[in-house]
Amino acid sequence: MSNKVHLGHTARKRFGQNFLTDQGVISSIVGAIAPDNDHVMVEIGPGLGALTEPVADMIDNLTVVELDRDLVKRLQYHPVLKDKLTIHQGDALQFDFGQLQQPGKKMKVFGNLPYNISTPLMFHLFEFAEQIETMHFMLQKEVVLRLSASPGTKAYGRLTVMAQYYCQVVPVLEVPPTSFTPAPKVDSAVIRLLPFEVKPWPCKNVDVLRHLVTTAFNMRRKTLRNNLKTLLSDEDFAALQIDASLRPEQISVPQYVAMANMLCDKKD
Ligand code: SAM
């Protein structure tokens, strides 16, 4: 089914192309995005325009980032959209979203994302969190569960900790495979990410946090003490009042930040 034709376009599997065709789902997502002219509106992967058209309808300008050159051409010649769109052809993973910011305007970013790049794309977008008001993404349901997981659950991991460090995470809607053409093999869901204006647990150096969290989750079945033995001592854990015999998924976001801040202090 990977080469199914929709609106005269052959879907490309390597670009994760599953086009939204369910009007009910489309209007729910557009409602959640709440497009307006007070923000720089940015869509990742507009494809054949399922979300692009209704969003553009409500605002003056929409910026899109699309990798597929054929789809870019269609958008450039689209009778209604062409005057409203600012089109960037290229890879969203490499794209400098910071360049889109305008004085006094934060971004609202959204997209039905190609599932094969969704985790690295989340990490890339977190770098621009301070310039973003809201993000709404259609993702594999499993990734939505990971983003919104609580400590102590199987879905809680590196992506959870980093997402919840930067953002409030709110699952919005579950979407079955039948809402797309071609239908993906997995269930999907929409997530809302709201970057914190003021971070509840500020970290002195986010690179240190990222490295610590990656190291902590290297082996999920091992204890924190074991995974982090090159970084923190038993005395460090005692000073932080963190039980080092716990597994990495039992440790909260503020506890990870406290460990990272201790590492930063040690380096100074
Ligand atoms: N928004 C459309 C919809 O909902 O029907 C298309 C969604 S489709 C799942 C993903 C879109 O992202 C495709 O248009 C695909 O070409 C584009 N895409 C894939 N990889 C990309 C990347 N690295 N950067 C930007 N766009 C990408």
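The values are calculated or read from the model by the stated rules, or taken from the named source; none is laboratory data. Since we're looking at a predicted model, the values are computed, not measured. Here Cβ is always computed from backbone atoms with ideal geometry, including for glycine, and neighbour counts include all displayed protein chains. What goes into the accessible areas is simple: the full protein's heavy atoms, side chains included, and nothing from ligands, DNA or RNA. Shrake-Rupley method; radii C 1.70, N 1.55, O 1.52, S 1.80 Å.
Okay, here's what the table says:
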| quantity | calculated |
| --- | --- |
| Residue in region 44-61 that is touching a Gly at 6+ places or on another chain (Cβ under 7 Å) and within 11 Å of the ligand (Cβ to nearest atom) present | yes |
| Yes/no for Thr86 being farther than 21 Å from Ile33 by Cβ and β-branched (Val, Ile, Thr) | no |
| Condition met for Thr86 (surrounded by fewer than 18 Cβ atoms within 10 Å (Cβ to Cβ) and in contact with a strand residue (DSSP E or B) (Cβ under 6 Å, 6 or more places away or on another chain)) | yes |
| Check on Tyr156, closer than 22 Å to Met135 by Cβ, open to solvent by less than 60 Å² (accessible area, probe 1.4 Å) and part of a loop (DSSP other than H, G, I, E, B) | yes |
| Failed item in (1) assigned to a loop (DSSP other than H, G, I, E, B); (2) over 19 Å from the mean Cα position of the chain (by Cα); (3) within 10 Å of the ligand (Cβ to nearest atom), with Val80 passing the rest | (3) |
| Any hit, region 194-210, residues being closer than 26 Å to Ser27 by Cα and touching a residue at least 12 places away in the same chain (Cβ under 8 Å) | yes |
| Identity of the residue in region 106-130, more than 11 Å from the chain's Cα centre (by Cα) and in a strand (DSSP E or B), that ends up farthest from Val40 (Cα to Cα) | Lys108 |
| Region 17-43 - residue that is assigned to a loop (DSSP other than H, G, I, E, B) and open to solvent by less than 20 Å² (accessible area, probe 1.4 Å) and, of those, nearest to the ligand (Cβ to nearest atom) | Gln17 |
| Members of region 62-77 that are open to solvent by 10 Å² or more (accessible area, probe 1.4 Å) and near the ligand (Cβ under 6 Å from one of its atoms) | Glu66, Leu67 |
| Top-ranked residue of region 89-118 - restricted to ones that are within 11 Å of the ligand (Cβ to nearest atom) and among the aromatic types (Phe, Trp, Tyr), ranked as least open to solvent (accessible area, probe 1.4 Å) | Phe110 |
| Given (1) open to solvent by less than 30 Å² (accessible area, probe 1.4 Å); (2) more than 17 Å from the chain's Cα centre (by Cα), index of the condition Pro177 fails | (1) |
| Odd one out for Tyr166, checked against (1) among the aromatic types (Phe, Trp, Tyr); (2) open to solvent by 10 Å² or more (accessible area, probe 1.4 Å); (3) within 15 Å of the ligand (Cβ to nearest atom) | (3) |
| Selection count where residues are part of a loop (DSSP other than H, G, I, E, B), open to solvent by less than 70 Å² (accessible area, probe 1.4 Å) and over 26 Å from Lys13 (Cβ atoms), scope region 49-60 | 1 |
| Number of positions in region 5-16 that are among the hydrophobic types (A, V, I, L, M, F, W, C), more than 8 Å from the ligand (Cβ to nearest atom) and open to solvent by 50 Å² or more (accessible area, probe 1.4 Å) | 2 |
| Count of residues meeting criterion [open to solvent by 70 Å² or more (accessible area, probe 1.4 Å) and outside any strand (DSSP E or B)] in region 131-145 | 2 |
